[in-house]
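Colleague: I am attaching a structure below and will ask some questions about it afterwards.
The values are calculated or read from the model by the stated rules, or taken from the named source; none is laboratory data. Quantities reported herein were computed from a predicted structural model and do not represent experimental measurements. Every residue, glycine among them, receives a Cβ derived from its backbone with ideal geometry; neighbour counts consider all protein chains shown.
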Amino acid sequence: MRLDDGESAGFDLRGFIGNSLLEWEGHVSAVVIAGGCNLRCPYCHSWRYVTGLDGLERLDPEIVFDLLARQKGWIDGVVFTGGEPTLQPGLAALIRRVRGYGAKVKLHTNGSRPEVVAALLDEGLLDCLALDCKAPPDSRLCAAAGVPADSALPEAVRKTFELARGAGIDREYHTTLHPRFVDREAFTAMSGELDPGGLWILQQYEPDDCLDPAGAGTARYGEADLEMFRTIAAARHPSVLLKKGS
Ligand code: SF4
């Protein structure tokens, strides 16, 4: 299915980074940040693009193409993130135009819109798919995502993970090691189910400046716990990156 979504102007662009070495391992990338998200993860650090849109100017997507034209050969790729970029009706149109400049494309999604991911993959628009792996896909995921326990989110996320496994492109999986949402048992279950063909990025929870400070709390794992999670992951996954934070 081709997403027939009209113009790239149908993309609520609220942030743009012209040059980043952090968003895509091994790439110099531009970063396109969509406004709005359908989840409310208490520990979210991108809350300005979720609940803080009133304080952010809406940007013209043409700035992406101006940069790609000026820096052709310097920018390897463009990362679409947010917020949640798959909510944007103009996403596919924007990606098609980006690819017209010869840039590779990475999509970072929370996995809640498998139909959008499937259409982008069918059309060959993605070079890398990054998925949040917040918790096992059951009520624990709902808690981590700040949605009701009977939400359809776990089923949707399962489908997106299946798509990623069979996509034949680079995959990244991102897990925030938060004591309220991921304990040893949950993590071991996640490790057993997760596609070992992707890069699994584990990151320390940073309590400062998050979406819901009361819901997220301040407790963090210590260094020994972080290493324990890394060891569990590495037993089954060849590519694991642990970011210990500050
Ligand atoms: S961390 Fe959660 S709330 Fe924040 S942008 Fe990602 S999915 Fe949305």
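Colleague: Exactly one of these conditions fails for residue 2: (1) part of a loop (DSSP other than H, G, I, E, B); (2) exposed (fewer than 14 other Cβ atoms within 10 Å of the Cβ); (3) at pLDDT 95 or above. Give me its number.
Modeller: For residue 2, the failing item is (3).
Colleague: Any chance segment 76-83 includes a residue that's within 18 Å of the chain's Cα centre (by Cα) and away from the ligand (no atom under 16 Å from the Cβ)?
Modeller: First, the residues of segment 76-83 that are within 18 Å of the chain's Cα centre (by Cα): 77-83.
Narrowing the set further to residues that are away from the ligand (no atom under 16 Å from the Cβ) leaves 77-78.
Yes, because at least one residue in segment 76-83 is within 18 Å of the chain's Cα centre (by Cα) and away from the ligand (no atom under 16 Å from the Cβ).
Yes or no, residue by residue, for (1) more than 30 Å from residue 192 (Cα to Cα); (2) within 15 Å of the ligand (Cβ to nearest atom); (3) crowded, with 23+ Cβ neighbours inside 10 Å:
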position: 52; (1), (2), (3): yes, yes, no
position: 94; (1), (2), (3): yes, no, yes
position: 99; (1), (2), (3): yes, no, no
position: 110; (1), (2), (3): no, yes, yes
position: 128; (1), (2), (3): no, no, no
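Colleague: I'd like the full set of residues that are assigned to a loop (DSSP other than H, G, I, E, B), away from the ligand (no atom under 16 Å from the Cβ) and in contact with a strand residue (DSSP E or B) (Cβ under 9 Å, 6 or more places away or on another chain), limited to segment 25-50.
Modeller: Taking segment 25-50 first, the residues assigned to a loop (DSSP other than H, G, I, E, B) are 25-28, 35-46, 50.
Within this subset, residues satisfying the condition of being away from the ligand (no atom under 16 Å from the Cβ) are 25-28.
Scanning segment 25-50 gives 25, 27, 28.
Colleague: Just to be sure I understand the filter: pairs with C-beta atoms under 9 Å, separated by 6 or more residues or on different chains, first member in segment 11-40 and free of Cβ contacts under 8 Å to residues at least 24 places away in the same chain, second member within 12 Å of the ligand (Cβ to nearest atom). Which pairs pass?
Modeller: Final answer for the pair search is 17/33.
Colleague: If you scan segment 54-66, which residues turn out to be part of a loop (DSSP other than H, G, I, E, B) and away from the ligand (no atom under 16 Å from the Cβ)?
Modeller: Let us first name the residues in segment 54-66 that are part of a loop (DSSP other than H, G, I, E, B), namely 56-58, 60-61.
Answer for segment 54-66, where residues must be part of a loop (DSSP other than H, G, I, E, B) and away from the ligand (no atom under 16 Å from the Cβ): 57, 58, 60, 61.
Colleague: Can I ask one more? Give segment 196-242 a look and list any residue that's among the acidic types (Asp, Glu) and either touching a residue at least 24 places away in the same chain (Cβ under 8 Å) or assigned to a strand (DSSP E or B) (or both), or say none. Steps first, answer last, please.
Modeller: The first filter runs over segment 196-242 and keeps only residues among the acidic types (Asp, Glu), leaving 206, 208-209, 212, 223, 225, 227.
Matches in segment 196-242: 206, 209, 212, 225.
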